[in-house]
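In what follows, a structure is listed as structure tokens, so that the remarks can point back to it.
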Protein chains: 2
Amino acid sequence: MSEAPATVAPDPALFDKVVNLCKRRGFVFPSAEIYGGFRSTYDYGPVGVLLLRNVKDAWWRSMVQLRHDVVGLDAAILSPPAIWEASGHLKNFTDPLVDCRVCRERFRLDHLDDAEVCPNCKSEHSFTEARQFNLMFRTYAGPVEGAGAEVYLRPETAQGMFVNFRNVLETSRRRPPFGIAQVGKSFRNEITTGNFVFRTREFEQMEMEFFVPPVESAKWYEYWCAERLSWYVDHGIPADELRLRAHDEDELSHYSSATSDVEYLFPWGWDELEGIANRGDFDLTQHANHSGEKLDYFDQATGERYVPHVVEPAAGATRTAMAFLLAAYDEEEVAREGQGKGEVRTVLRLHPRIAPYKVAVLPLSKKPELQAPALEVLGLLQPHFMCDYDETQAIGRRYRRQDELGTPFCVTVDFDTLDDGAVTVRDRDSMAQDRVPIEDLVEHLRPRLGL
Amino acid sequence: MSEAPATVAPDPALFDKVVNLCKRRGFVFPSAEIYGGFRSTYDYGPVGVLLLRNVKDAWWRSMVQLRHDVVGLDAAILSPPAIWEASGHLKNFTDPLVDCRVCRERFRLDHLDDAEVCPNCKSEHSFTEARQFNLMFRTYAGPVEGAGAEVYLRPETAQGMFVNFRNVLETSRRRPPFGIAQVGKSFRNEITTGNFVFRTREFEQMEMEFFVPPVESAKWYEYWCAERLSWYVDHGIPADELRLRAHDEDELSHYSSATSDVEYLFPWGWDELEGIANRGDFDLTQHANHSGEKLDYFDQATGERYVPHVVEPAAGATRTAMAFLLAAYDEEEVAREGQGKGEVRTVLRLHPRIAPYKVAVLPLSKKPELQAPALEVLGLLQPHFMCDYDETQAIGRRYRRQDELGTPFCVTVDFDTLDDGAVTVRDRDSMAQDRVPIEDLVEHLRPRLGL
């Protein structure tokens, strides 16, 4: 396993630029903004929802569609205490909290720089004893609140795979080594949120549990570490902004023999995108013991019965989307294009599979004689690619807008189109323009988009 | 607007057959089954998750990708009381509940056959006065429970579109008539759940809010009623198992001038898949009044300022998936095929876009000389289509299994393949078999799958 050397430095100014772009162009809005926003919760706007879908779909494609040893699952968010008792979350998924006796503010003990002085009111020695605060959201199902009606919002999607292990084994005709993959929302009542969509109470995960014969777990752990690191590079994050960091002994969970994080060089420094853990037989054994059901595998070829070990690559979809935006953000000086003068253009150099729109169709002007063929071209492309359509403002400004959305290609319909049946295809990165017959357009774009 | 006559009769036996198939083949598992199941909550298994994804993706494709007057959104599930106060949910989203004073069982008043006798303990006149029970799940964000920390799990996705109306208007360059679409989970603490995945506390919605000039709302309401009814037919539900039912005056919400339901003939009778409502300016006006923000539109062409009216097609993804399964389920007697004798085969005649797997690759036997080319064919198809791969059991039984999953095509690699470089393509519905060169396979299948 290799670690990339930290040759690149984080850029703190980049953070504000990307957050600003996200709001201005409709990637991300603060949730309930007209009511003053809501507790580090975010909504994904018209282009943000496409970006996030593309991140999740790219993961699903790599992890499920292109493999025959991984199947999918979509388990419920609401889940009973029995699951979280077996998993250990009810007891151990906690943060240590202290209260300031003077100002009554509450803090996470391990996030205090100085455990003697309250950072809010500056009182000294004012903290209570730390108490363990569980991070799971609790609610009640059915008409009566109280014991017996308790439900938890899952803090991770992983347990859904473990409790369904036998169901999947019996219905899917897979046998170890095989995996179960899931994309979905999880909820953690974090005391300290922040860094935009990096750490939020509601977030989306992409997790896969890979069940293997015990003797093969180290091999598969190495395999998934390499595979997952490559995934980010393959989808456009420069290799020198990524690293694989193995956990030290004292960072490891008691049941994990090895864990590595895929880290991205965020503007605030290296931080986690994904964890790959060798979890051993901890999870299946816990659920077998608590449920009384057998969660093992009988290998007919060898006559062996064993509890599979689990290698788990667990990624955050929302923070991965953020890393793609940060890595793609670029500013470059351009001489002159369309209506624009010499200027700095902002461009998101997103991988085509990740870019919200693949193509924007732009009639050169709003005149009806251009609108009709432009809408025809749009209708031709829409079944194949997610498209934007924009007919307002000067063409140069519309190119800039699409650059900021990361749209790989703009297709311009102009007055020549009425004569030659061709359109201008403009490349986002090089700004080069090609004249392409409308009838060849889909097949011209498809390979260039890698689709 | 036309109503299909109820010429077909519901089939109660069909329900059990489909529920059984769902469990046996990995469509749907009871949630937390190893712990005895959990309160009408369900997990979607390896084929169920594909089915559900296909339903949602087909909706997204029709509503967002193939149009340029609708954009997407993905708003948070956790939401503050202010939203639900403005929407009216805090006050009005309630069911009337009564308790039996004798056995202490709790009931929904409007679901009791006889309001005088407890259906549980048969006591007469034992009910308390009805009280209003709010159906929203409540939890607490941050380290302190209690007032000020209250959060609700959204009971519908719609409000996310209304509170983001201005954000979307300002960033997306759309103007009325235009829509905002969202797919996502919602939660309702239903007292009475049931009919498998039809009514569950956690469910998935596909909602679109279409904002129009007030004078155009009746026209767009008619448009969306017709459009949405067609969508189900286009994706494989027979027209005579669907109807559009206009609400009577006394069924309408006070703010709605017209509402129609798309209903499917479920085994228990006609029931709702989707509601299309003309909501007027109720939602934007409520949020404008409660937030103090302007939620209107200024039309530069006419110089008019108005609050757009909303036409809302709101569908249930999970119950739509169930309707697709019910409509697709078929049993037919077949003479003889592969290893099978004369028998009844079960087949899901799903639309190719909805079918979990598009293609199954099946080596005729497990011999290594067939496995290698079969895996090559699989690798060739996987980038284009979601594929299954199965090399165990007799070929006839594997065909039957794929029929039960609704897989439109099986591709069989046999010993002739080693000589002629061709495979047998078997059609799910006709069971006809074609010999197709491997190099032509993708282009042979693509149009037949309508992709």
Legend entry - Sites matching GluC sites (Glu not before Pro) across the range B:93-131 that sit in DSSP coil, with at most 11 neighbouring C-beta atoms within 10 Å: B:Glu116, B:Glu129
Legend entry - Label 7 Å beyond Cα on the Cβ vector: A:Ala130 copy-to-copy distances, nm: 5.3
Legend entry - In Å, descending, principal axis extents of the Cα set of the range A:1-158: 56, 49, 47
Legend entry - Alpha-carbon centroids, the range A:12-54 and the range A:149-211: separation in whole Å: 24
Legend entry - Cα principal axis extents for chain A, largest first, Å: 75, 68, 54
Inset, instruction - Find every distance from the label point of A:Glu332 to the corresponding label point in the other copies (7 Å from Cα along Cα→Cβ) and write them in nm, one decimal, shortest first. - result: 5.7
Legend entry - Loop chymotrypsin sites (Phe, Trp or Tyr not before Pro), the range B:170-275 (other Cβ atoms within 10 Å of the site Cβ: 15 or fewer; DSSP): B:Trp268
Legend entry - Kirkwood-based Rg to Rh ratio, the range B:161-226, C-alpha trace: 1.10
Inset, instruction - With N set to the residue count of the range B:50-115, report its C-alpha Rg divided by 2.2 N^0.38 Å to two decimal places. - result: 1.88
Inset, instruction - Could you state, as a whole-number percent, how many of the C-alpha pairs of the range B:6-62 are farther apart than 12 Å? - result: 73
Legend entry - In the range B:326-391, chymotrypsin sites (Phe, Trp or Tyr not before Pro) in a DSSP loop with at most 16 other beta-carbon atoms within 10 Å: none
Inset, instruction - Calculate the length of the line joining the C-alpha centroid of the range A:367-381 to that of the range A:278-355, in whole Å. - result: 38
Inset, instruction - List the distances, in nm to one decimal, from the label point of A:Pro238 to the label points of the same position in every other copy, shortest first, placing each label point 7 Å from Cα along the Cα-to-Cβ direction. - result: 6.2
Inset, instruction - Go ahead and estimate [θ] at 222 nm for the protein assembly as shown from helices alone: -39,500 (n - 2.57) per DSSP H run with n ≥ 4, summed, over the residue count, rounded to 500. - result: -8500 deg cm²/dmol
Legend entry - Equivalent ellipsoid dimensions for the range A:116-166 as semi-axes, Å, which come from the Cα gyration tensor, largest first: 37, 18, 9
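Equivalent ellipsoid semi-axes for the range B:184-330, as square roots of 5 times the alpha carbon gyration tensor eigenvalues: give them largest first, rounded to whole Å.
Output for the range B:184-330: semi-axes of 32, 18, 13 Å.
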Inset, instruction - Please give the solvent-accessible surface of B:Lys17 in Å², to the nearest 10, using a probe radius of 1.4 Å with every protein chain present. - result: 80
Inset, instruction - Over the alpha-carbon set of the protein assembly as shown, divide Rg by the Kirkwood Rh and report the Rg/Rh ratio to two decimals. - result: 0.95
Legend entry - 5 Å-binned pair-distance histogram of the range B:389-451 (Cα, whole percent): 4, 17, 27, 27, 18, 7, 1
Inset, instruction - Mind putting together the pair-distance distribution for the range B:332-421? All Cα pairs, 5 Å bins, whole percent per bin, short to long. - result: 3, 14, 23, 22, 20, 12, 6, 0
Inset, instruction - Would you mind checking A:Lys23/B:Lys91; A:Lys358/B:Lys294; A:Lys17/A:Lys358; B:Lys56/B:Lys366; A:Lys23/A:Lys185 for any pair whose Cα atoms are more than 25 angstrom apart? - result: A:Lys23/B:Lys91; A:Lys358/B:Lys294; B:Lys56/B:Lys366
Inset, instruction - Using the 4.7 Å Cβ rule, please list in number order the cysteines from chain B without any candidate partner. - result: B:Cys22, B:Cys225, B:Cys387, B:Cys410
Legend entry - Kirkwood hydrodynamic radius (C-alpha pairs) into Stokes-Einstein, the range B:108-217, 25 °C and 0.890 mPa s, D in µm²/s: 136
Legend entry - Of every Cα-Cα pair in the range B:79-173, the percent that sits beyond 18 Å: 61
Legend entry - Euclidean distance of C-alpha centroids, the range A:390-424 and the range A:236-255, integer Å: 43
Inset, instruction - Compute the Rg to Rh ratio over the range A:156-271 from the alpha carbon atoms, using the Kirkwood formula for Rh, and round to two decimal places. - result: 0.98
Legend entry - Share of pairwise Cα separations in the range A:298-451, more than 25 Å, in percent: 39
Legend entry - Virtual spin-label span in nm between B:Leu66 and B:Ala335, 7 Å along Cα→Cβ: 3.8
Inset, instruction - Provide, in order from the shortest bin, the percent of all Cα-Cα pairs of the range B:136-192 in each 5 Å bin, continuing until the bin that contains the maximum pair distance. - result: 4, 15, 18, 16, 16, 13, 10, 6, 2
Inset, instruction - Would you calculate the volume per residue, in Å³, of the smallest convex hull containing every Cα atom of the range B:283-374? - result: 257
Inset, instruction - Enter the accessible area of B:Glu33 (Å², nearest 10), with the probe set to 1.4 Å and all protein chains included. - result: 60
Inset, instruction - Order the following by accessible area, largest value first: B:Asp427, A:Asp434. Probe radius 1.4 Å; ligands, DNA and RNA are ignored. - result: A:Asp434, B:Asp427
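The values are calculated or read from the model by the stated rules, or taken from the named source; none is laboratory data. Bear in mind the structure is a predicted one, so any value in this text is a computation, not a measurement. Every residue, glycine among them, receives a Cβ derived from its backbone with ideal geometry; neighbour counts consider all protein chains shown. These accessible areas exclude ligands, DNA and RNA; they are computed on the full protein's heavy atoms, side chains included. Shrake-Rupley method; radii C 1.70, N 1.55, O 1.52, S 1.80 Å.
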